[in-house]
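For reference, the structure discussed in these notes is given below.
The numbers here are math on the coordinates, done by the rules we state, and not lab data. What you see is a predicted model; the values in this text were computed from it and never measured. Note that each Cβ is placed from the backbone with ideal geometry, even for glycine, and that neighbours are counted across all protein chains shown.
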Amino acid sequence: MRDGDTIVALSSGSVPSGVAVIRLSGPASGPVLEAMLGALPQPRRLLLAEIGLDGRLFDRGLVAWFPGPHSFTGEDCAELQVHGSPAVVRGLLRALAARPGLRLAEAGEFTRRAFENGKLDLTEVEGLGDLIEAETEAQRRQAFARMSGHLSAQLESWRESLLDARAEIEAQLDFSDEGDVGELPAHFAGSLRLLLRELEGAIDTVGRGRIIREGLRVALAGPPNVGKSSLLNALAKSDVAIVTDEPGTTRDVREVAVDLGGQLVILVDMAGLRDTDSKAEAEGVRRARAEIAQADLVLWLRAPDVPDVRPEAAAAPVWRLATKADLGAAAGGVDMAISTHSGQGLAELLERLAGFAAATTAGQAPLLSRERDLAALQAAQGSLGEALGRLDDPEIAAEALRRATHALERLLGRMDAEAVLDRLFSAFCIGK
Ligand code: GDP
């Protein structure tokens, strides 16, 4: 009976630490606190107490009691704030998990219960996950808004409009049996068209939202030996760019994530581009081309000691950089000259990159940022467009409106949420 289980986990970060927070959720939370303290503490107030169980004293700390439904999960919950000592935490967790009805929580299980009890919808769960992962200020703002239900409210209002429209069409269908087919009100098509434009406007923001969430991809490109790796290392070492992640290396592409003025920027160094007979190298070149195609900005490098090649075609803006400026000027027009040896131009390049990132993501942080968002809104947009095209046939129009509503409900997690949840929670930490 997993559903009736009470779950327990360390919810704060790894020990040793100053304080550790152990969290419980489920029906046994109250009885455990009574066993520890002799009585339940006042709800939602911190109580300083000796923390022990079954005759064993572990620590002195703070205890909080959150009876359901006014808790994070909606169930009875408790939190124990103890010293962040491995021995205290391990001892307490073992003692708690050994009690009947209690067990250690799985990754994301507290949040799953919050979702199942209607405390959070799916987009809010995603926002919470994003907030915990947020590295930059822009990511934090975006995640906080999503977690706080701003996207849910928008989706809910679109959904209501669709439901109203469907009700009007269906009322007409009902009347049609009585030979009294009323005309749809004059404003009807107009308000659906307005809704369609809102959906289209929202779809247009997904790209910006994606850049905030996943980072602005800057591809360092050019023939071999122009100084791509040297530039990446120099940029990542500067005090201006805070490296947010361990650099990742796929076979031919090396990425470094940096925080530039509160915006996540992914610098991508790739195999040098040149025509080649070697198979392995050809694969590297293929990947480099794919990177350039999906980059948000391309830095095309040329150096005085390396024969120039024609820049790859890119959808994104391309900045032409002359590297190794300490060796002399590169031939041809360039936007900037830099040298990783003398440091020339590096500060200016970083400043320009930060400016570009800020301009790309300027304005209110878009709430839409995921593939799932895009797919749902495009589905709703398509179905709504179909309904608008078939207002002559109320049955077909009503059915199309129903599909549009479902697309939004799926995004909110009101239907088909399981697969999304499983994937999402597998990335959550234990204790969240
Ligand atoms: P990549 O193949 O494009 O990644 O190029 P690398 O970063 O490996 O650099 C190729 C060569 O150019 C190395 O020997 C570097 O030391 C040298 N190099 C890189 N940047 C500079 C620079 O600013 N000035 C000079 N003089 N040499 C550089």
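Pick from Ala186, Ala354, Ala171: which is most flexible by mean-square fluctuation in a GNM of the chain where alpha carbon atoms under 10 Å apart are linked?
Highest fluctuation of the listed residues: Ala186.
Sort Lys119, Lys237, Lys324 so the one with the fewest other Cβ atoms within 10 Å of its own Cβ comes first.
Going from sparsest to densest Cβ surroundings: Lys237, Lys119, Lys324.
Please label the shape of the chain as rounded, prolate or oblate, based on the square roots a ≥ b ≥ c of the eigenvalues of the alpha-carbon gyration tensor (a/c under 1.5 means rounded; beyond that, a/b larger than b/c means prolate, else oblate).
It is oblate, given that a/c is not under 1.5 and a/b is not larger than b/c.
Compute the normalised compactness of the stretch 66-212: alpha-carbon radius of gyration over 2.2 N^0.38 Å, N being the residue count. Before the final figure, lay out the partial values.
Values: Rg = 23.7 Å, N = 147, 2.2 N^0.38 = 14.7 Å.
Rounded to two decimals, the normalised Rg is 1.62.
Please report the antiparallel percentage of the DSSP beta bridges confined to the chain, to the nearest 5.
The antiparallel fraction comes to roughly 65 percent.
Multiply the residue gap between Arg310 and Arg289 by 0.36 nm, knock off their C-alpha separation, and tell me the result in nm, one decimal place. Show your work: numbers first, answer last.
On the way: separation 21, 0.36 × 21 = 7.56 nm, distance 1.30 nm.
Length difference between fully extended and current span is 6.3 nm.
Starting from the Cα gyration tensor of the stretch 33-104, take the square roots of the eigenvalues, sort them a ≥ b ≥ c, and report rounded, prolate or oblate (rounded when a/c is under 1.5, otherwise prolate if a/b is larger than b/c, else oblate).
Taking the square roots of the gyration eigenvalues as a ≥ b ≥ c, the stretch 33-104 is prolate.
Contact order normalised by length for the chain, with contacts defined as Cα pairs under 8 Å and 6 or more residues apart; what percent is it?
RCO, the chain: 17 percent.
Quick check: pseudo-label points 7 Å beyond the Cα along Cα→Cβ at Arg193 and Ala359, how many nm apart are they?
Output for this residue pair reads 3.6 nm.
In nanometres, what is the gap between the two model label sites at Asp5 and Ser157, each 7 Å from Cα along Cα-to-Cβ?
Modelled inter-label distance: 4.2 nm.
Length gain on complete extension for the stretch Ile132 to Ala282, per 0.36 nm per residue less the alpha carbon to alpha carbon distance?
Length gained between Ile132 and Ala282: 50.1 nm.
Which of Asp164, Asp121, Asp204 moves the most in a Gaussian network model of the chain with Cα springs under 10 Å?
Sorting by GNM fluctuation, first place goes to Asp164.
With Cβ to Cβ distances under 12 Å as the rule, what net charge do the other residues near Ala427 carry (K, R +1; D, E -1)? Mind dumping the intermediate values first?
Details: positive: Arg423, Lys432; negative: Glu126, Asp130, Glu133, Asp422.
Surrounding charge for Ala427 is -2.
I'd like the FRET efficiency for Ile242 and Ala186, computed as 1/(1 + (r/R0)^6) with the beta carbon distance as r and R0 of 51 Å, rounded to 0.05.
That gives a FRET efficiency of 0.35.
By average Cβ neighbour count within 10 Å, what is the ranking of 302-311, 18-27 from highest down? Walk me through the intermediate numbers first.
On the way: 302-311: 15.4, 18-27: 20.2.
Descending packing order for the listed peptides: 18-27, 302-311.
Using 0.36 nm per residue of separation minus the Cα-Cα distance, give me the extension gain between Leu46 and Asp392 in nm, one decimal.
Length gained, Leu46 through Asp392: 118.2 nm.
For the residue pair Asn233 and Ile430, what label-to-label distance in nm results when each label sits 7 Å from Cα along the Cα-to-beta-carbon direction?
With each label point 7 Å from Cα toward Cβ, the separation is 3.9 nm.
First check a/c for the stretch 29-72, with a ≥ b ≥ c the square roots of the eigenvalues of its C-alpha gyration tensor; if it is under 1.5, answer rounded, and if not, answer prolate when a/b is larger than b/c or oblate otherwise.
Because a/c hits 1.5 or more and a/b exceeds b/c, the stretch 29-72 counts as prolate.
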